[in-house]
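Peer 1: Let me begin by handing over the structure; questions about it come next.
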């Protein structure tokens with residue numbers, strides 16, 4: 001250990017080491033996930049028991065309710081999904097998986113995290129300004145978001161815009177590193193055709209983000225000007241158009257779903273082959289599908305706006321392309337399922353979460369067809385059906401995918417193993433309660449229950465659904481309590497877990513060549529060379545059922 | 001066809017409601033069968049491929065056309081179902097949102113924080129005359145085509161009438177004309193479906209569908225009252 005590493009500030013805080021930056025992203029993201037989850041507890045209590053004080057919080061009036069749902073969505077997408085799936089896993093694994101000693105631009109990497117950290121502070125600060133935080137939904141549609149008098153929120157909304165802009169800036173800096181590192185710092189023999197799927201998926205997500213974020217930043221800036229200096233980009237009183245914002249937002253918003261989905265599919269693509277001892281089925285086919293879906297992702301945005309007042313004829317091309325985008329994802333999911341066939345599966349905690357990601361995301365996928373069909377969307381748009389649908393996509397993506405990754409790479413992150421028994425208890429409670437929360441919401445949406453109302457009993461036709469609201473709320477509380485198994489396991493294992501060997505899962509990719517945890521500076525004791533593809537498991541003629549990428553010969 | 005999903009939906013009272021319900025049911029059955037198949041295969045593989053002592057996994061990387069066809073053939077079927085769904089959906093969409101049958105009754109609907117304002121043109125059928133009136137409820141005749149000329153005063157709202165399968169955002173600065181034809185008399189709920197501020201959850205109102213005669217005399221009475229003011 002060189003002298004400057006022993007300095008607390010350089011080592012833990014202003015670290016330029018991709019592994020430490022990854023941990024910073026992971027811990028910040030997990031804390032935000034907890035915050036987002038607690039917000040869900042408060043507004044779900046209000047929904048199940050309207051008007052009653054929520055234990056641990058107090059009364060929820062309609063303004064507070066709108067702020068809670070707004071910040072819940074914002075935090076879960078931008079402060080949990082992106083920092084963990086891209087910031088933590090991307091940072092930690094890209095250099096390790098391609099045999100690099102660090103990211104291409106370590107200082108930029110450090111700035112990326114600290115920009116993210118500042119964005120987090122700005123977002124949290126918005127809770128304490130007069131009028132409270134943003135309350136216009138995570139989509140922040142103007143004119144509601146464009147004029148303080150419409151929502152009653154003053155600086156909270158401005159800070160929200162600023163925080164989101166800083167967060168995007170941070171992801172952009174990270175993205176520059178991901179692309180440059182992957183293109184220039186692959187070790188000898190690491191051809192593109194031998195790159196682990198995880199690295200490909202990070203690349204695809206980064207490219208999706210970079211191509212889509214520009215219009216949104218323009219939209220956010222215009223919104224900020226509307227609020228602060230009285231322009232009217234999105235307010236019709238001086239000739240602006242509210243729909244312009246929706247186009248800018250969703251042009252970004254749809255690729256954004258893939259910015260989250262692809263890294264999560266990358267995590268699952270590493271875990272399934274390892275524990276089924278089989279090569280990933282159809283590596284090239286998955287890559288081509290991913291590329292195809294990334295292109296289509298930019299042509300479907302207006303499916304969020306079928307009934308927004310845009311020209312109804314636009315629903316034809318957007319509806320068709322939306323439904324067609326199910327095809328490349330069907331390829332990927334079927335390929336993952338086919339990977340299991342005639343494998344030799346060990347049901348570890350990371351494998352269970354990876355499978356749950358697939359099994360639950362399938363529900364998200366099939367329920368989305370009703371939203372994508374314009375005529376059916378007239379009915380389900382802005383109902384609980386949509387809420388349930390996107391939670392069946394985003395919870396498997398961000399929560400199950402993230403947890404699969406944490407359980408799988410924990411030994412590499414911290415040099416120790418997590419406890420399997422606690423992991424399995426955590427898995428089963430989380431997976432079961434998740435379904436008990438969101439299946440009733442599908443039915444409520446079909447019953448016509450509109451979104452974002454704090455008190456369903458205001459409507460006679462919703463009173464019959466209060467039982468389902470209560471069921472979902474109780475399931476959520478159990479789910480949140482069950483996360484204590486994870487939090488305890490995480491911190492206990494960090495210090496007291498069983499010491500991990502370099503390759504505890506007998507896996508093939510390069511990160512398992514590095515010691516657990518990897519060497520503080522440089523990752524590997526000797527930078528490995530690559531001799532074969534990433535998923536050579538159970539190769540005929542080999543006694544050992546995994547053939548590491550770095551092994552010249554395998555017996 | 002069994003009303004599986006539609007069974008969860010409130011009673012349909014619109015002429016085009018059947019088209020929407022048909023599409024929802026159709027998709028429901030198709031995706032439910034696909035979902036059962038996909039999960040069934042997933043769980044079968046999980047169960048049948050669990051680790052057994054002395055049995056090695058089969059090396060299959062899915063790189064040959066023969067292997068890939070196990071994925072690609074189901075995917076081609078998915079695409080076929082997709083196109084069929086899309087065709088059915090757009091036939092219904094075209095009828096509901098693109099075609100505009102001739103109006104028997106026209107209402108102006110204005111969304112504002114936090115109420116819907118309905119303006120009826122009165123007996124003369126012309127807006128801006130003395131017999132226009134603004135009822136609290138959206139009162140319409142049964143079996144007649146009603147046009148809704150929707151706009152908004154402040155922020156975006158969305159006129160949501162579950163029984164009519166009717167939903168249309170009201171956007172400030174735009175005038176959006178929609179239509180429906182109710183098939184059954186009675187009172188039905190109206191709500192706002194787009195987050196519009198602190199009163200979004202109380203933006204409630206009622207659709208009253210009357211027999212043609214009752215509707216006619218109601219209009220006459222309201223118009224006379226408006227003129228008398």
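The values are calculated or read from the model by the stated rules, or taken from the named source; none is laboratory data. For clarity, every value in this text was computed on a predicted model and none was experimentally measured. Backbone-built Cβ (ideal geometry, glycine too); neighbour counts: all protein chains shown.
Peer 1: I'm told residue A:347 meets every condition in (1) assigned to a helix (DSSP H, G or I); (2) within 9 Å of chain B (Cβ to nearest Cβ); (3) under 23 Å from residue A:396 (Cα atoms) except one. Can you identify the failing condition by its number?
Peer 2: (1)
Peer 1: Hey, another quick one. Sort through A:262, A:287 and tell me the only one that's touching a residue at least 12 places away in the same chain (Cβ under 8 Å), surrounded by fewer than 24 Cβ atoms within 10 Å (Cβ to Cβ) and under 30 Å from residue A:351 (Cβ atoms).
Peer 2: Details: A:262 fails: surrounded by fewer than 24 Cβ atoms within 10 Å (Cβ to Cβ).
The unique qualifying residue is A:287.
Peer 1: Could you go through segment A:373-385 and let me know if any residue there is part of a helix (DSSP H, G or I), modelled with pLDDT under 95, more than 7 Å from chain B (Cβ to nearest Cβ) and out of contact with any strand residue (DSSP E or B) (no Cβ under 7 Å at 6 or more places or on another chain).
Peer 2: no
Peer 1: Shifting gears a bit: Of the numbered conditions (1) in a loop (DSSP other than H, G, I, E, B); (2) within 16 Å of residue B:198 (Cβ to Cβ); (3) at pLDDT 95 or above, residue A:153 satisfies every one except a single condition; which is it?
Peer 2: Exception for residue A:153: condition (3).
Peer 1: Exactly one of these conditions fails for residue A:189: (1) touching a residue at least 24 places away in the same chain (Cβ under 8 Å); (2) in a helix (DSSP H, G or I); (3) over 24 Å from residue A:405 (Cα atoms). Give me its number.
Peer 2: Tallying (1) touching a residue at least 24 places away in the same chain (Cβ under 8 Å); (2) in a helix (DSSP H, G or I); (3) over 24 Å from residue A:405 (Cα atoms), residue A:189 fails exactly one: (2).
Peer 1: So, one more: Inspect segment A:253-266 for any residue being part of a helix (DSSP H, G or I) and over 17 Å from residue A:200 (Cα atoms) and give the result as yes or no.
Peer 2: Filtering segment A:253-266 for residues part of a helix (DSSP H, G or I) gives A:253-266.
Now drop any that are not over 17 Å from residue A:200 (Cα atoms), which leaves A:253-254.
Looking for residues that are part of a helix (DSSP H, G or I) and over 17 Å from residue A:200 (Cα atoms), one finds at least one in segment A:253-266, hence yes.
Peer 1: Continuing with this model, one more query. Does at least one position in segment A:156-168 carry a residue that is away from chain B (no Cβ under 14 Å) and not in a helix (DSSP H, G or I)?
Peer 2: Checked segment A:156-168: no residue is away from chain B (no Cβ under 14 Å) and not in a helix (DSSP H, G or I).
Peer 1: Just checking, which of A:505, A:512 is over 30 Å from residue A:45 (Cβ atoms), within 14 Å of chain B (Cβ to nearest Cβ) and within 27 Å of the chain's Cα centre (by Cα)?
Peer 2: On the way: A:512 fails: within 14 Å of chain B (Cβ to nearest Cβ).
The conditions single out A:505.
Peer 1: Based on this model, can you work out whether residue A:303 counts as away from chain B (no Cβ under 11 Å), in a helix (DSSP H, G or I), closer than 27 Å to residue A:175 by Cα and touching a helix residue (DSSP H, G or I) at 6+ places or on another chain (Cβ under 9 Å)? I'd like the intermediate steps shown before the answer.
Peer 2: Working: away from chain B (no Cβ under 11 Å): yes; in a helix (DSSP H, G or I): yes; closer than 27 Å to residue A:175 by Cα: no; touching a helix residue (DSSP H, G or I) at 6+ places or on another chain (Cβ under 9 Å): yes.
No; evaluated as a whole, the condition is false for this residue.
Peer 1: I'm told residue B:25 meets every condition in (1) in contact (Cβ under 8 Å) with a residue 12 or more places away in the chain; (2) within 7 Å of chain A (Cβ to nearest Cβ); (3) within 30 Å of residue A:463 (Cα to Cα) except one. Can you identify the failing condition by its number?
Peer 2: Going through (1) in contact (Cβ under 8 Å) with a residue 12 or more places away in the chain; (2) within 7 Å of chain A (Cβ to nearest Cβ); (3) within 30 Å of residue A:463 (Cα to Cα) one by one, residue B:25 breaks only (2).
Peer 1: Criterion first (in a helix (DSSP H, G or I) and either more than 11 Å from chain B (Cβ to nearest Cβ) or crowded, with 24+ Cβ neighbours inside 10 Å (or both)) does residue A:370 satisfy it?
Peer 2: On the way: in a helix (DSSP H, G or I): yes; either more than 11 Å from chain B (Cβ to nearest Cβ) or crowded, with 24+ Cβ neighbours inside 10 Å (or both): yes.
In short, yes.
Peer 1: Output the residues belonging to segment A:36-71 that are under 17 Å from residue A:164 (Cα atoms) and without any contact (Cβ under 8 Å) to a residue 60 or more places away in the chain.
Peer 2: Across segment A:36-71, the qualifying residues are A:36, A:68.
Peer 1: Can you name the residue in segment A:103-144 that is surrounded by 20 or more Cβ atoms within 10 Å (Cβ to Cβ) and more than 25 Å from the chain's Cα centre (by Cα) and is also nearest to residue A:62 (Cα to Cα) among such residues?
Peer 2: A:132
Peer 1: Would you check if there is a residue in segment B:102-110 being more than 8 Å from every other protein chain (Cβ to nearest Cβ) and under 18 Å from the mean Cα position of the chain (by Cα)?
Peer 2: Within segment B:102-110, one or more residues are more than 8 Å from every other protein chain (Cβ to nearest Cβ) and under 18 Å from the mean Cα position of the chain (by Cα).
Peer 1: For segment B:162-186, give me each residue that is touching a residue at least 40 places away in the same chain (Cβ under 8 Å) and more than 9 Å from every other protein chain (Cβ to nearest Cβ).
Peer 2: Residues satisfying the conditions are B:164, B:177, B:178, B:179, B:180, B:181, B:182, B:183, B:184, B:185, B:186.
Peer 1: Still on this structure, please answer the following. Which helices (runs of 4 or more DSSP H) does segment A:1-102 wholly contain that include 1 or more residues that are farther than 27 Å from residue A:404 by Cβ?
Peer 2: Details: elements: A:18-48, A:62-74, A:89-98.
Per the criteria, A:18-48, A:62-74.
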